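The values are calculated or read from the model by the stated rules, or taken from the named source; none is laboratory data. All of these numbers come straight from a predicted model, not from anything done at the bench. Using ideal geometry, Cβ is built from the backbone for each residue, glycine included, and neighbour counts are taken over all protein chains shown.
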C-alpha cells in the first residue's frame, strides 16, 4: 500500500509519541485538525495503525516485577496443519506477549511474561511442550532490558548537555 | 602592586562590544526549571555512526597534525557534497579549507580580504559575531537594518544606499540567524546584480543550508557570475548536529584560498585529525539522519509559528534554520525587559532581539531546537505571561481614566 506524504508524516509523529493531541499534530504538519483526524481513522481502519501501546517499565514498581522469557520453538508441520495453525494454538494463551515465525534453526519465537521463573517453567512444560506438533523448546530468560522498540531503557541515555543560552 | 589592566589591554580588545547574550546567559544559567528557547544549536546529538568513526580514529592513533587545509580525503568529500547538494564545483586540492568551526572561516575570510578601513555590509538582525569579526580584521562593518514587513530581507535599494567607494564585500547569511529568513533565487539574483555592478565580494555564510524548508536551497556561488566573487562558508554544526566538534569549511577561488591558508597555518595549523575523520563519515553516510532531523525541525517550526501567532506574538514564517523572530512591540516592553521578565516570571529563556543589532529591538529570538513537549509548555507559559502584561496595561488605562 502506498501512503501519501501527509499520512507518512502523521505516522512519524505517532511513532515517536502518541501522547500528542490531533491539534498539535495538525499544527506541526500545517494541516487541518479534521483532516488529521480523518487520516488517522483511515489508517486505523486499514490496520496500519494497529494499537497504541505504552512502554512501561514494570520492574520499577514493587509487586509488579515481571520475568520475561524468549522461547525458541521447533515445530513439525503436518499436512493440513501449517505453521499458522500451530501459532494460533500458542498465541491464544494470554501469557504469550509476542510470537514470530522465524527463519533459521528454529521456527517460532515466543515471548512470555510471568511473575516467577516457576510460572514460566510450568507454562513451557505443561502447555507449550505438550502441543502436538511442537518438537522442542529452548527457554532463554531475559536478565536486563537495555533497549526496547527503539527506546533506551537502561544505560547511557543521551541527555541535553547544551548551555541554556547560546548565540 | 595593583595593576591597572586597562593600560595593558589593546584598544581593539577594549573597544569590542560585549556580546548581548552574555549577561542574560548568567541569569538564566543560575535558575532551575528553565525551558530554554535560547539555544542556538541542535537538540539532537551527533548521529552515532559519525561518533563511532571518530572514536575509532582516536583509538587507532590519528592524533597528529594534518595538512593545513585539512585532510585531502575530507576536502574531496566536501567538494562532492557541494556539487551534489548545491551544484557548485570546487577543486579539493586548492579551493577548500577545513576550519575550526564556520566561525573561523568567517574570521579567515575577513582577514584575507580586508584592508584597514574597508567596509563590509552586514545585514541585520545578524549573528552576534559578524560586526566584531569585521572590526577585528581592521574593516568597518556597515549595518543595514532589514524590516519585518519585508520578511527581514535586504532590498537592492538598501544595499545601493549603503555602498560607498570603500565597500569591499557583503556578508550574507541565508537561512538567517536570528530571523530564520531564507532568500530565494530571485532575491539572491537581485543581490548578485548589485554585487556585480559595484565590483564586490560576497562572504556567504551557508551554515544553515541543510535546514531550508520551503524551497530548494540556492547557494550564492551557484548564481551566474558569482562563483568568482563568493567565499562560501559552511560546516557540520547545524545540519549534522555537530556544534561541539568545531568543524567548518570554506570554498573559494584558489587565489583567495591560498591567502587564507597562509593565515591559517600561522594561527591554527589545522583542525583536529580524528574529528576530520568523523566528518568524512558525516558526509558519506548520514544523509538519512540529516533528513530526519530536518523533518523534525520543520514540524516544530510549523507548530511554533502557529502557536506564537495564536497567543498574540506575531511572527512571519521563517523559511529555514531553527529560529522564529516574533515581535513583542505591542507589550510596550523593550526586548531585554520582555526577555528578563519572561525568564523571571515564567522561567522561559529567549534571546532579546537587540542582541543581534539595533534593528532587532522589539523582537525576541525563539529557537525551536527543543522537543515538541517543551515547546508546548513554553507556549503555555508565554501565553500566561502575556496575559499578566495585558492585565497590567488595562489597569494602567483604567487609572488614567
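For residue B:135, the criteria (1) more than 14 Å from chain A (Cβ to nearest Cβ); (2) more than 25 Å from residue B:199 (Cα to Cα); (3) touching a helix residue (DSSP H, G or I) at 6+ places or on another chain (Cβ under 8 Å) hold in every case but one, which is (2).
The set of residues in the stretch B:28-46 being more than 9 Å from chain A (Cβ to nearest Cβ) and not in a loop (DSSP other than H, G, I, E, B) consists of B:35 alone. Which one of the conditions (1) in a helix (DSSP H, G or I); (2) in the same structural domain as residue B:323 (by TED's automatic domain parsing); (3) surrounded by fewer than 17 Cβ atoms within 10 Å (Cβ to Cβ) does residue B:18 fail to meet, given that it meets all the rest? Failing condition for residue B:18: (1). Counting only strands (runs of 3 or more DSSP E) that sit wholly inside the stretch B:94-179, those with at least 2 residues that are surrounded by fewer than 20 Cβ atoms within 10 Å (Cβ to Cβ) and touching a residue at least 40 places away in the same chain (Cβ under 8 Å) are B:140-145. Among residues of the stretch B:368-392 being within 11 Å of chain A (Cβ to nearest Cβ) and in contact with a helix residue (DSSP H, G or I) (Cβ under 9 Å, 6 or more places away or on another chain), the one that is nearest to residue B:316 (Cα to Cα) is B:368. Residues in the stretch B:257-284 that are more than 15 Å from residue B:66 (Cα to Cα) and in contact with a helix residue (DSSP H, G or I) (Cβ under 6 Å, 6 or more places away or on another chain): B:259, B:260, B:263, B:281, B:282, B:283. Within the stretch B:3-19, the set of residues being more than 9 Å from every other protein chain (Cβ to nearest Cβ) and under 19 Å from the mean Cα position of the chain (by Cα) comprises B:17, B:18.
Within the option set A:96, A:68, being within 30 Å of residue B:45 (Cβ to Cβ) and under 17 Å from the mean Cα position of the chain (by Cα) holds for one residue only, A:68.
Restricting the stretch B:298-316 to residues that are at pLDDT below 95 and either touching a strand residue (DSSP E or B) at 6+ places or on another chain (Cβ under 6 Å) or within 14 Å of chain A (Cβ to nearest Cβ) (or both), which is surrounded by the fewest Cβ atoms within 10 Å (Cβ to Cβ)? My answer is B:314. The residue that is farthest from residue B:47 (Cα to Cα), among those in the stretch B:271-293 that are touching a strand residue (DSSP E or B) at 6+ places or on another chain (Cβ under 9 Å) and part of a helix (DSSP H, G or I), is B:276. Scanning the stretch B:320-329 for residues that are touching a helix residue (DSSP H, G or I) at 6+ places or on another chain (Cβ under 9 Å) and either more than 13 Å from chain A (Cβ to nearest Cβ) or surrounded by fewer than 19 Cβ atoms within 10 Å (Cβ to Cβ) (or both) gives B:320, B:324, B:325, B:326, B:327, B:328.
In this structure, does residue B:49 turn out to be within 30 Å of residue B:127 (Cβ to Cβ), away from every other protein chain (no Cβ under 14 Å) and either part of a loop (DSSP other than H, G, I, E, B) or under 22 Å from the mean Cα position of the chain (by Cα) (or both)? No; evaluated as a whole, the condition is false for this residue.
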